Amino acid sequence: MSKLKILIVEDEAPLRNLIRTTLYTHDYAFETAENAQTALMIASSLNPDLVLLDLGLPDMDGIEVIKRIRSWSNMPIIVLTARSEMSDKITALDCGADDYLTKPFAVEELLARIRVIQRRLSVTQTRLPEEQTFVNGDLRIDFSQGCAFMGGDELHLTPSEYKLLCILARNVGRVLTYRFISREIWGNEWESNTGSLRVFMATLRKKLEKGEKTQSYIQTHVGVGYRMMKL
Ligand code: CA
């Protein structure tokens with residue numbers, strides 16, 4: 001795979017420099033933008049593989065930047081937020097961001113998140129659109145048959161558990177909010193079903209991990225949602 005091109009959007013110079021140095025040291029290609037206008041211009045001309053986006057920008061709300069990018073591109077976006085911006089983080093994910101990092105973060109954490117996106121890109125780039133099977137480690141989903149297997153054994157899932165598994169699999173590597181998942185499963189009645197989602201997730205996890213004790217497929221983001229990891 002060629003060098004990953006990353007766009008850094010951050011108005012605070014010390015943090016921008018820290019990210020820049022980190023990416024440079026780890027051999028990533030990058031561009032930087034200090035505000036939303038520049039970010040949108042570079043995003044469209046450079047077509048980066050990943051955008052690291054600060055939500056608090058001087059000229060435009062970061063959420064608006066996500067919406068504009070999503071109107072024409074699926075490029076992965078990791079938002080950078082302050083701890084106090086919990087609701088912004090959830091809104092950002094619901095508007096199409098892939099992941100988030102809470103400031104202040106360690107550079108190792110930043111690099112780990114970039115690798116998650118990189119693994120996901122390698123999956124989506126090699127997958128044919130008409131493919132009917134999803135494979136991740138020992139997990140295999142046969143979309144055309146509507147069934148899932150763990151290490152060759154069929155998983156006995158309820159329709160809701162299966163739907164949940166498919167939603168996570170189709171968005172592998174992305175953090176999905178409770179709201180997003182609930183809407184996908186139950187449509188507009190999601191608000192009354194967030195409790196049910198936690199229950200389905202618990203039983204689904206138990207079934208997945210019975211066959212695969214050492215690996216954890218589903219990551220919990222407390223107060224935010226869930227993500228299926230690409231193994
Ligand atoms: Ca800022």
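The values are calculated or read from the model by the stated rules, or taken from the named source; none is laboratory data. Bear in mind that the values here come from a model prediction, so they are computed numbers and not experimental data. Note that each Cβ is placed from the backbone with ideal geometry, even for glycine, and that neighbours are counted across all protein chains shown. Ligands, DNA and RNA are excluded from the accessible area calculation, which covers all protein heavy atoms including side chains. Shrake-Rupley method; radii C 1.70, N 1.55, O 1.52, S 1.80 Å.
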Packing-ranked peptide list from 105-111, 8-14, highest mean Cβ count within 10 angstrom first, is 8-14, 105-111
Please build a GNM for the chain, connecting alpha carbons under 10 Å apart, and tell me which residue among H221, H156, H26 fluctuates the most.
-> H26
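So for region 5-122, Kirkwood radius off the Cα pairs, Stokes-Einstein at 20 °C and 1.002 mPa s: how many µm² s⁻¹? Intermediate results must be reported in sequence, preceding the final value.
Numbers: Rh = 13.9 Å.
The estimated diffusion coefficient comes to 154 µm²/s.
Whenever you get a sec, line up M60, M228 from highest to lowest accessible area (probe 1.4 Å, protein heavy atoms). Present the calculation step by step, with values, prior to reporting the outcome.
Working: M60 25, M228 0 Å².
Accessible-area ranking of M60, M228, largest first: M60, M228.
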Picking from F30, F143, F180, which is most flexible by a Gaussian network model of the chain using Cα springs under 10 Å?
-> F143
Carbon and sulfur atoms account, in whole percent of the 1.4 Å probe accessible area of region 128-228, for 49 percent
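Given Cα positions, please report Rg to Rh for region 128-228, the hydrodynamic radius being the Kirkwood one. Let's see the in-between values first.
On the way: Rg = 13.1 Å, Rh = 13.9 Å.
Ratio of gyration radius to Kirkwood radius for region 128-228: 0.94.
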Among the lysines in the chain, how many pairs, 8 or more places apart or on different chains, have alpha carbons under 16 Å apart?
-> 4
